[in-house]
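Below: one structure, written as structure tokens.
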Amino acid sequence: MNKLPELIVLSSTNKGNSFTLKNKVYTCGRSSNNDIHFNDTTISTNHCEIIRSNKGIYSITDKNSTNGTRVNSQYVTNVDLNNGDIIKLGNTELLYSCEEGKFKEQAIFDTKTKIDLTQIGNGVDIEEMENFSPFSKEESKFKKLIAKKATIYIFILLGILIVALLAWLLALV
């Protein structure tokens, strides 16, 4: 009997929850409009899609998310999923499991990152994502541009104040 593929949450928030994959397409992200949604601010509103091919193989496609989609610690735009792959969306880490009976028995060997999945629920935490930004890349560039312009205007204003102060002191003498 073939096992239905599933995504199993490994991260501390919602650890142990699973999503059985039966449909052809799943949208994933922070928005509740997605088929699979996570309450994680490091995940984009519409982060990625999981699509089943005609051969029954699921693949994951990043949807230009802010923090990217990783499979086995590698950033991906589109890749086929294999049993034991670790998917990381923001700070949320998931196990892709699609083979019957191998999850608990060979958990350490099946996962590419060698996380001992038998310890789920026993306080094993996944490290936090180091490059989290609540702003999109465009917003961040815009804010940096504003900061540069504000710095220039402040120096111009200080220069004008110094010249005015010197002129006032010379007028007194």
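When the residues of region 122-143 are filtered to those that are part of a helix (DSSP H, G or I) and surrounded by 10 or more Cβ atoms within 10 Å (Cβ to Cβ), the one that is modelled with the highest pLDDT is K143. Number of residues in region 30-62 that are crowded, with 16+ Cβ neighbours inside 10 Å and either out of contact with any strand residue (DSSP E or B) (no Cβ under 7 Å at 6 or more places or on another chain) or among the acidic types (D, E) (or both): the value is 4. Whenever a residue of region 15-38 is farther than 18 Å from N82 by Cα, its partners that are small (G, A, S) and surrounded by fewer than 18 Cβ atoms within 10 Å (Cβ to Cβ), lying with C-beta atoms within less than 8 angstrom and at least six residues away or across chains, give the pairs K15/G121; G16/G121; H37/S31. Kindly establish whether T27 is assigned to a strand (DSSP E or B), open to solvent by less than 60 Å² (accessible area, probe 1.4 Å) and over 22 Å from E99 (Cβ atoms). Yes: the conditions hold for T27. I'd like to check something: does region 9-20 contain any residue that is part of a loop (DSSP other than H, G, I, E, B), open to solvent by less than 60 Å² (accessible area, probe 1.4 Å) and either within 28 Å of K141 (Cβ to Cβ) or among the acidic types (D, E) (or both)? There is no residue in region 9-20 that is part of a loop (DSSP other than H, G, I, E, B), open to solvent by less than 60 Å² (accessible area, probe 1.4 Å) and either within 28 Å of K141 (Cβ to Cβ) or among the acidic types (D, E) (or both). Among the residues of region 73-118, the ones that are part of a loop (DSSP other than H, G, I, E, B), of a type in the set (D, E, K, R) and at pLDDT 90 or above come to 1 in all.
The values are calculated or read from the model by the stated rules, or taken from the named source; none is laboratory data. As the structure is a computational prediction, the values presented were derived from the model and not from experiment. Methodologically, a virtual Cβ is constructed for each residue, glycine included, from the backbone with ideal geometry; neighbour enumeration extends over all protein chains shown. Accessible surface areas use protein heavy atoms only, side chains included; no ligands, DNA or RNA. Shrake-Rupley method; radii C 1.70, N 1.55, O 1.52, S 1.80 Å.
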